[in-house]
Amino acid sequence: MTNHTAPEELNPFEIAKQQFDLAAEYLKLEDSMRDVLRHAKRQLIVSIPVKMDSGHVEVFEGYRVQHNIARGPAKGGIRYHPQVTLDEVKALASWMTWKCATVGIPYGGGKGGVVCDPKSLSIGELERLTRRYAFEIAPIIGPDRDIPAPDVYTNEQTMAWIMDTISMVRGHTELAVVTGKPLSLGGSYGRAEATARGGLYVAREACRVKGVDLKGARVAIHGFGNAGSNFAKLATGDGARIIAICDSRCGVYAENGINVEAALRHKDETGSLLGFANAEEIPCEQVLETECDILVPSALENSITLKNVERVKTKIIVELANGPTTPGADLALADRGIFLLPDILANAGGVTVSYYEWVQNQYSFFWTEKQVNDSLEQTMRTAFRSVHEKSGLHNTDMRTGAYILAVERVAEATRMRGIFP
Ligand code: GLU
């Protein structure tokens with residue numbers, strides 16, 4: 001039973017281990033295997049001296065963690081955020097391991113982060129920071145080793161700088177060293193919206209299971225970055241009504257539906273949703289408590305916790321963010337019959353199209369947007385079915401079902417490879 005009085009664990013790596021342990025228990029995994037899979041294979045901490053525009057040098061701290069490579073090279077994004085910690089990056093790296101296994105793409109899990117406030121850096125400072133960070137992690141990344149991609153506050157420009165830096169160091173163009181690149185530089189059609197599109201594909205499946213009609217469904221989206229804003233656009237295309245959204249500054253609410261294109265234009269022009277017309281301004285956290293059919297946490301970790309879970313009023317949750325729900329909140333949601341699509345399934349569309357990009361780079365042969373989206377749809381629907389089946393088989397929720405599926409796959413690969421030497 002959920003303990004509502006004890007202070008809740010909010011360290012993402014501790015949470016990631018709890019989620020893993022639960023699946024390991026279901027699978028009756030041997031202790032030595034649990035030990036192996038709970039640990040990150042490699043953690044690199046780097047100092048990044050950057051010449052600032054003012055002339056002085058500031059030193060930033062960066063990380064790259066490779067959690068597991070049993071099923072293939074490490075894969076995962078790079079995050080720029082003032083609150084990045086090594087434990088957070090370790091958690092995110094392990095979630096990548098389980099995510100890639102859930103959708104069955106041949107990667108392990110990795111993640112990177114730099115402690116910085118990207119909003120206060122000039123474009124020149126961002127470029128110098130990115131290039132030096134890329135140089136510092138160069139020894140452990142590469143198309144066959146560890147392939148970074150965008151995450152919170154990094155984008156295709158960041159990836160282009162990393163690709164160029166690694167290419168300069170190695171003396172040849174290394175397209176497949178990162179994914180999420182611009183189309184002009186070996187990027188893939190469909191990668192930019194892939195996280196949201198993958199989320200929509202599994203949301204459609206969840207609607208079928210729960211008997212919710214996506215057409216006319218009321219959707220609340222917490223976080224209006226790449227994943228959240230693209231989900232808003234795509235879900236509108238399915239006839240859903242986006243009634244609440246927020247970015248890091250403020251939230252907006254409109255019972256009759258928010259004009260998503262107009263909200264995006266406003267954010268592009270002014271930098272935030274603050275002052276967006278034709279909608280009521282609300283506090284960001286209120287988006288999570290909006291009565292709706294589908295709630296889409298698409299910001300950061302620990303958004304739905306024991307503090308607010310009782311006020312969450314939705315039928316379906318689509319976790320486009322990584323780690324937005326704590327284990328305590330998970331139990332409370334399951335008790336109330338709320339159908340939650342876990343991050344390692346719901347947001348796996350991003351890394352899935354990253355995989356397609358990496359494949360296209362290695363073959364120097366590029367797919368059409370339709371090929372990308374059709375393949376993504378197939379992958380996401382198959383993954384949904386497998387997770388739903390597992391959760392049914394073990395009479396548990398979708399997160400635990402996904403973990404059981406993923407941990408089983410990684411454990412099997414580890415067993416077959418054996419422990420070196
Ligand atoms: N950062 C994204 C994620 O958390 C994408 C990772 C990738 O494409 O490698 O899944």
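Here, each number is a calculation from the coordinates, and none is a lab measurement. Keep in mind it's a predicted model, so treat the numbers as computed, not measured. For neighbour counting, all protein chains shown are included, and Cβ atoms are generated from backbone atoms with ideal geometry for every residue, glycine included.
Observations on the model:
- Taking Lys and Arg as +1 and Asp and Glu as -1, the other residues whose beta-carbon sits under 10 Å from that of LEU273 total 0.
- Label point distance in nm, MET168-SER248, each placed 7 Å from Cα along Cα→Cβ: 2.7 nm
- Scanning the chain for cysteines with no neighbouring cysteine C-beta under 4.7 angstrom from their C-beta gives CYS100, CYS116, CYS207, CYS250, CYS292.
- Separation of the ASP53 and LYS215 label points, Cα + 7 Å toward Cβ, nm: 5.0 nm
- By the count of other C-beta atoms within 10 Å, a proxy for reagent exposure, VAL177, VAL89, VAL296, VAL169 are ordered fewest to most as VAL169, VAL177, VAL89, VAL296.
- Size descriptors for the stretch 245-300, from the alpha-carbon set: Rg then Dmax equal 10.7, 30 Å.
- Listed by chain and number, the lysines placed with their C-alpha closer than 30 angstrom to that of LYS90 are LYS17, LYS28, LYS41, LYS51, LYS75, LYS99, LYS111, LYS119, LYS181, LYS307, LYS390; residues fewer than eight positions away on the same chain are left out.
- Counting other Cβ atoms within 10 Å as a rough exposure proxy, the listed residues LYS75, LYS370 run LYS370, LYS75 from fewest neighbours to most.
- Taking 15 Å as the cut-off, no amide N atom of the stretch 68-85 comes nearer than this to a point 7 Å along the Cα-to-beta-carbon line of THR382.
- GNM remark for the chain: springs join alpha carbons under 10 Å apart, and the peak mean-square fluctuation among ASN361, ASN308, ASN373 falls on ASN308.
- Whole-number percent relative contact order across the stretch 250-339, with pairs defined as alpha carbons under 8 Å at least 6 apart: 25 percent
- Listing PHE231, PHE20, PHE420, PHE60 from fewest to most neighbouring C-beta atoms within 10 Å gives PHE420, PHE60, PHE20, PHE231.
- Sequence-distant contacts, meaning Cα pairs under 8 Å at least 6 residues apart, place the relative contact order of the chain at 17 percent.
- Solvent-free Debye scattering, log10 I(q)/I(0), computed from the Cα coordinates of the chain at q = 0.08, 0.10, 0.13 Å⁻¹: -0.40, -0.65, -1.14
- Top of HIS67, HIS81, HIS394 by mean-square fluctuation, Gaussian network on the chain, Cα under 10 Å: HIS394
- Cα centre as origin, Lys/Arg/Asp/Glu Cβ charges: the chain dipole, Debye: 960 debye
- Averaging the sequence gap over all C-alpha pairs within less than 8 Å and six or more residues apart, then dividing by the number of residues, gives the stretch 107-208 a relative contact order of 22 percent.
- For the stretch 289-414, the convex hull drawn through the C-alpha positions has a volume of 128 cubic angstrom per residue.
- Trypsin sites (Lys or Arg not before Pro) restricted to DSSP loop in the stretch 234-338 with at most 16 other C-beta within 10 Å: ARG249, LYS307, LYS313, ARG336
- Largest GNM mean-square fluctuation among GLY190, GLY237, GLY109, using the chain with Cα springs under 10 Å: GLY237.
- Calculated [θ] (222 nm, deg cm²/dmol) that DSSP helices of n ≥ 4 give over the chain, each run adding -39,500 (n - 2.57): -14000 deg cm²/dmol
- Near ASN322: Cβ cut-off under 13 Å, other residues only, Lys/Arg at +1 and Asp/Glu at -1. The net charge is 0.
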